[in-house]
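The values are calculated or read from the model by the stated rules, or taken from the named source; none is laboratory data. Predicted model only: the values in this text are computed from it and were never measured. Glycine also receives a Cβ, built like all others from the backbone with ideal geometry; neighbour counts cover every protein chain displayed. With ligands, DNA and RNA removed, areas are computed over all heavy atoms of the protein, side chains included. Shrake-Rupley method; radii C 1.70, N 1.55, O 1.52, S 1.80 Å.
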Amino acid sequence: MTATRGFDELLTKVIAALGLIISGNQKEKLLNYIQLILEGLKKQRLVGERSGAALIEKHLYDSLYPLTTWQIPRGSLLDLGTGVGLPGIPMKICLPEQALYLLDANKKKINFLRKVALELALQEVFFLPGRAEEWGRDPGCREQFDCVVSRAVARAAVLVELGLPLVKMGGFLLLYKGKQGPSEIKEAGPALQLCGGRLEKSWHYRIPTGEERTLFLIKKIGPTPAAYPRRSGVPQRKPLGS
Ligand code: SAH
């Protein structure tokens, strides 16, 4: 498969702006991934974003930003509500030693991701099709992951209830939020307390298009009670503390 050559320069700029150093092979994989999303878009309308340039400047930049500010613990990384693989796939390309778990309720997206992993020859990528509420109660997954990340899935209060049950004691939940992040994290206070989390750190930044983003790093400091996550749909309908 040939990479999207036209985007080569833009990707080089974005990686330089992030201050990351990646190999030619990693760059090729990122470009091929963009190409696969664009092809998937045409065929299945997988994501709303139509331009390859926006995919690089917005979604790749955002996905890789945490690598510039925080050392993701080595081990297992779960992307909750990964969609077409954001941020999980770009992170995995840049951190090949991580085992990556991709969780999404949408089967079509999981099938697309199986194809991506195969075409990019990514090792140690695993798929969790289904709802986070169900995986969070699965003994094979509960409190098993070193780090859970989630981007553009739900409000912070909801993500705390969905994400923390999957995080190992001492592990982390990393939430990507927009400029409304600070008010969302305030609203998530009761959920953090109930589910065993503590806000460790946050970062405020802008992506190259100028849009504001906030990242929240939550540490799991206590076990999550068996009552959480509640039944599918309940966390979204009635966020903890609301
Ligand atoms: N993280 C991606 C996708 C965001 S779209 C990105 O940044 O572009 C949100 C995705 O979350 C959808 O694919 C949807 O199927 C999934 N999702 C939402 N709630 C979920 C839940 N409770 N369990 C599993 N997946 C969920």
### Message
Condition (residue is in contact (Cβ under 8 Å) with a residue 40 or more places away in the chain and farther than 17 Å from K238 by Cβ) applied to segment 185-198: is it met by at least one residue?
### Response
no
### Summary
Filtering segment 42-63 down to residues that are over 19 Å from L18 (Cβ atoms) and either modelled with pLDDT of 90 or more or open to solvent by less than 20 Å² (accessible area, probe 1.4 Å) (or both) yields L46
### Query
Out of segment 83-104, which residues are open to solvent by less than 10 Å² (accessible area, probe 1.4 Å), away from the ligand (no atom under 13 Å from the Cβ) and in contact (Cβ under 8 Å) with a residue 40 or more places away in the chain?
I93
### Task
Determine whether F216 is part of a strand (DSSP E or B), crowded, with 17+ Cβ neighbours inside 10 Å and within 16 Å of the ligand (Cβ to nearest atom).
yes
#### Entry: In segment 69-82, the residues that are more than 10 Å from the ligand (Cβ to nearest atom) and open to solvent by less than 10 Å² (accessible area, probe 1.4 Å)
L77, L78
### Summary
In segment 225-242, anything farther than 17 Å from V149 by Cα and open to solvent by less than 70 Å² (accessible area, probe 1.4 Å) is listed as P225, A227, Y228, R230, S232, G233, V234, P235, P239, L240, G241
### Query
Mind checking whether some residue in segment 204-211 is open to solvent by less than 30 Å² (accessible area, probe 1.4 Å) and among the aromatic types (F, W, Y)?
yes
